[in-house]
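Below: one structure, written as structure tokens.
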Amino acid sequence: MNTQNRISAFFLQVALGVFALCALNAAASDLHSVYTLQAPNDRWVVRALTAANQCPLITWDKQKPVAMHLRAPQAVVPARSDSAQSNSKPSVFDITSCEAEWPKGVQSAHVEGVAVPAPPQKINRILIIADTGCRLKASENAFQDCNDADKWPFKKVANSAAKMKADLVVHIGDIHYRESPCPEGKAGCAGATWGYGWDAWRDDFFVPARALLGVAPWLYVRGNHESCFRAGQGWFRFVDALPWTQERNCNDPAHDMKGDFSDPFVASISKNSQFLVFDSSKSSGKAYQAADPAFIKYQEQLRLANQLAATKPESFFINHHPLLAAAPGPDATKFKAGGSGGLQSVFSSIEPARLFPANVSVAMHGHIHLFEAISFQTDHPVSLVMGNSGSMNEGFAPNVIQPTDRLYKDAVVDNYASRSEYGFATMDRTEENGKDAWVLTEYTTDGVAVIQCRIQAAKSRCHPI
């Protein structure tokens, strides 16, 4: 090769290198969010959301980068005719959802140079949040001050929680709350994005949760705000653990019997314990008739949940709507039962006494915007309600529940702790005599521990710190 050709080849290599670097930087600049989620059958999945039309590259253990798989393309989805809010609008998803299953034995992953939280070797600390979004709901004339970090404290909660060094983050539903435009003249939510598209999901969850998404994998549980006639389209695009299909995306109401009723699944915690994840997003607050299609569907899924519960000695039944809980009242002296009448009618048809399968020792929920830990003299699992992580407060939890009070039929409470303020919780696992023991801690938004509960053998004992 003569000198001129060598010079030309050199400059061509430089140009190609610069082009590749620019392309990498462009791909990285399009990348909005990267996170890891727990999926059925001991699987872990990396998700990436990008403004580009093609999926980004993922690198496993510093091997050659490979393209992630497309989960859901960018689209503008027409407003559903049955939308929860009368002023609903088309959902603009100008973001591409991509995914890749985490291979067995791989220790690390990077998406366009961004490190991804790896699946934990052991799950000893679980961090729990629920009901996190900023409520904008015209049908109830409920408009939270999304622009005020104290009145909508989810970002503060997420930043405090990110410091807790959790092995797994669990969100027990109601991620999205921005359903209606902020009224004119209301400064607290002025300029807030709304609707069911990407911009509302971005501002309600992905931006405020950024620090927490980057430190640990997540397990997502579906809430009623993610049902198909509300924010279900975003649920399936972004955080659902099962495949996105034409029948499971909430775009067409004709497919809602599949879209609103995802099959239960288990997610392993330890050799002794597992989460049993149940989709209650579409459940009614009132008891079902036995011929109701929803009753039949939930009954079918509960039978499957019974089979799944038998696969490990201890299951944590985790769904959004509580079955055994106290509802908030105008002050802390009032008491009323707050369990879902619809779920109670289904669960009692299969488990008349305790409602839950025999191996379920703890039931975990959101939906009610407060913290409660309830233990029973009777054969009912510990009931935990942790729906106080950001969405508008709705009242006060009772200070005391007496054994003569009834949350449901013959369920007799023997230990109760509550908190009406915003916060989040952790659960720490130890092994004692071959079984798991747990310490539940409730924190303020700033990460100050205020309540601690010891949970073992389907009983809890709580005390203030």
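The values are calculated or read from the model by the stated rules, or taken from the named source; none is laboratory data. Fair warning: this is a prediction, and the values are worked out from it, not measured in the lab. Cβ atoms come from the backbone with ideal geometry, glycine included; neighbour counts cover every protein chain shown.
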For region 324-343, enumerate the residues that are modelled with pLDDT of 95 or more and among the aromatic types (Phe, Trp, Tyr). none
Of the listed residues (ALA115, ALA100, ALA72, ALA130), the one being more than 28 Å from ASN319 (Cα to Cα) and under 22 Å from the mean Cα position of the chain (by Cα) is ALA115
Total residues in region 421-464, condition closer than 19 Å to PRO398 by Cα, of a type in the set (A, V, I, L, M, F, W, C) and free of Cβ contacts under 8 Å to residues at least 40 places away in the same chain: 1
Within region 421-428, can one find any residue that is touching a Cys at 6+ places or on another chain (Cβ under 7 Å) and either at pLDDT 95 or above or of a type in the set (Val, Ile, Thr) (or both)? no
Need the failing condition index for LEU49 against (1) assigned to a strand (DSSP E or B); (2) without any contact (Cβ under 8 Å) to a residue 60 or more places away in the chain, just the number. (2)
Being part of a loop (DSSP other than H, G, I, E, B) and free of Cβ contacts under 8 Å to residues at least 40 places away in the same chain is the filter here, so list the residues in region 306-337 that pass it. LYS336
Looking at region 382-395, which of the residues that are more than 14 Å from TYR416 (Cβ to Cβ) and of a type outside the set (Ser, Thr, Tyr) is modelled with the lowest pLDDT? GLU394
When every residue in region 54-69 that is of a type in the set (S, T, N, Q) and assigned to a loop (DSSP other than H, G, I, E, B) is compared, the one farthest from TRP235 (Cα to Cα) is GLN63
When ALA291 is evaluated against the numbered criteria (1) of a type in the set (A, V, I, L, M, F, W, C); (2) more than 20 Å from the chain's Cα centre (by Cα); (3) at positive phi, which criterion, by number, is the only one it fails? (3)
Here the residues within region 400-431 that are closer than 24 Å to GLU351 by Cβ and either acidic (Asp, Glu) or in contact with an Asp or Glu (Cβ under 6 Å, 6 or more places away or on another chain) (or both) are ASP405, ASP410, ASP414
Could you list, in sequence order, all residues of region 345-355 that are over 16 Å from VAL413 (Cβ atoms) and either surrounded by 22 or more Cβ atoms within 10 Å (Cβ to Cβ) or touching a Ser or Thr at 6+ places or on another chain (Cβ under 7 Å) (or both)? VAL346, PHE347
Answer with yes or no whether ARG303 is of a type in the set (Lys, Arg), crowded, with 21+ Cβ neighbours inside 10 Å and not in a strand (DSSP E or B). no
Check region 357-378 and report whether any residue there is surrounded by fewer than 19 Cβ atoms within 10 Å (Cβ to Cβ) and without any contact (Cβ under 8 Å) to a residue 40 or more places away in the chain. yes
Does LEU242 satisfy the condition of being closer than 28 Å to PRO322 by Cα and surrounded by fewer than 24 Cβ atoms within 10 Å (Cβ to Cβ)? yes
Quick count over region 70-92, residues being part of a strand (DSSP E or B) and either surrounded by 13 or more Cβ atoms within 10 Å (Cβ to Cβ) or touching a helix residue (DSSP H, G or I) at 6+ places or on another chain (Cβ under 9 Å) (or both), is 7
Selection count, region 401-411, where residues are over 20 Å from PHE317 (Cβ atoms) and touching a residue at least 24 places away in the same chain (Cβ under 8 Å): 4
The one condition LYS163 fails out of (1) assigned to a helix (DSSP H, G or I); (2) within 18 Å of the chain's Cα centre (by Cα) is (2)
